[in-house]
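Below: one structure, written as structure tokens.
Rule-based calculations on the coordinates, nothing more; no lab input. Computed from a predicted model, the values in this text were never measured in an experiment. Virtual Cβ from ideal backbone geometry, glycine too; neighbours counted across all protein chains shown.
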Amino acid sequence: MKQAPGKDLAETEIADVGGGQVRTGLIFLFLISVILIKRTTGSNGGTCGLAELTCRDGHCVPIDAYCNGKNDCGDGSDEPALCTPCNRTYHGQEGRTYHLELSRPAETRLPFLCHLTFTAAGRGYGELVQLLWDSFSVGRLEPNAEYLSASCPEGSLQLAELGRHFTGGFWCGGGENRATYYSETSTVTASIRLFHAPASVPFEFRLRYRFVSRNDAVARLGKPDYPIERGSPVPGTYCSRNFYECHLKQCRLQSPNYPGEYPRNASCMITLRQKEVPTCKHAMISVKNSPTGPTGLTSSNASLSIWQDCTPEKDRLIFHDGLRTEDPILLIYCGGPLPRVIARGPNMLVEFRSSPIAIPLGASALRLELEVQVIYVDSDGLDYARNSEGCHFFVNGISTCLYT
């Protein structure tokens, strides 16, 4: 090769070495890429998905195959020594049902703390999480405990959602029926604690979990072509919402996480407002059971429980004739067939309060949905009270007249 004018041989050699380094670097990066692809590629040539587990030989199994007591991989790589389903994040394909079970912790592993995080990742991996317990028994419920923290002396379950206010309530004891929990967000974490486990106290935790799209959450959100209006969430709260102009919408007042379990120690302030009123009319807010009816009322709530029946340890709804907690109370309700509640005017405040006292999972008494309506009456009529003092009726019982 001829030397370029103005350059010596040393410069030419340095230039050749530089080109050689670039080629060597490209070859090295290519080899690294091949190795990484081989590690994430199954034997059938496809990569494992977000909801799958990669076995040692490269093929894929569902994510719930990890530590389920079965040799799903065939080489034991899904059942490593001392494995646990705890402290992991679980994803799933939309519409598919997965299973998870926790074994009773050994005495040597107490106190036991287990976090199970379920995340709907979107794009075929769902938008909401459904948890369905087939069996639940964690610790023992002590109903007469002097302190709230002592109501679950052996252990408990807590549920928390990403981005939502943590209520701090918990469940313990044996579950009732088959409990369900439907998330409001894409991520929910179940935290199971077991402090000590006497042989007389059973431990069972077996559930199914699914990831669904919002279009499939018909019971809560309605059909895509006829959606349910659930109010505007109030930032910084767990479940407070504001409703406006329900004469134009299909407004439904739902218990938190409807139609499933709602958290303990939750407090929701729900306001209902009607601003548009036709000329010569007066608007009143009305609340009643929805056409589908409350899905979660248990047999213990077959009879109507109101006012003095609603002791502090019970979950309750408080209906106010106005937008403030200081406004007159229309009804305190804690179970049974809800009568129609009508405000005196165009505003109503509904307080939903779940007791901080722990209960068995599946025993939430007020899993319900209420229909909100706007009633118009003549503004100069006698169908409503014009002031906060209410209506007064005088019955004269001394008349001796007989009517035939």
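Key figures
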| item | result |
| --- | --- |
| Rounded FRET efficiency, nearest 0.05, which uses the C-beta distance separating residue 178 from residue 83 and R0 of 25 Å | 0.35 |
| Label point distance in nm, residue 249-residue 107, each placed 7 Å from Cα along Cα→Cβ | 5.8 nm |
| Debye-sum result for the range 142-251 in log10 I(q)/I(0), which assumes one identical scatterer on each alpha carbon, at q = 0.11 Å⁻¹ | -0.54 |
| Relative packing of 137-144, 150-157, which averages over residues the other C-beta atoms within 10 Å, highest first | 150-157, 137-144 |
| Förster radius 41 Å - calculated FRET efficiency between residue 311 and residue 213, Cβ distance, rounded to 0.05 | 0.50 |
| Distance in nm between pseudo-label sites at residue 329 and residue 165 (7 Å out along the Cβ direction from Cα) | 2.0 nm |
| Overall form of the range 219-278 per C-alpha gyration tensor (a/c, 1.5; a/b vs b/c) | oblate |
| Share, in percent, of DSSP beta bridges within the range 225-347 that are antiparallel, nearest 5 | 70 percent |
| Distance violations [Cα-Cα > 30 Å] among 249/281; 281/314; 223/275; 223/314 | 281/314; 223/314 |
| Contour excess over end-to-end distance, with Cα ends at residue 281 and residue 380 and 0.36 nm allotted per residue | 34.8 nm |
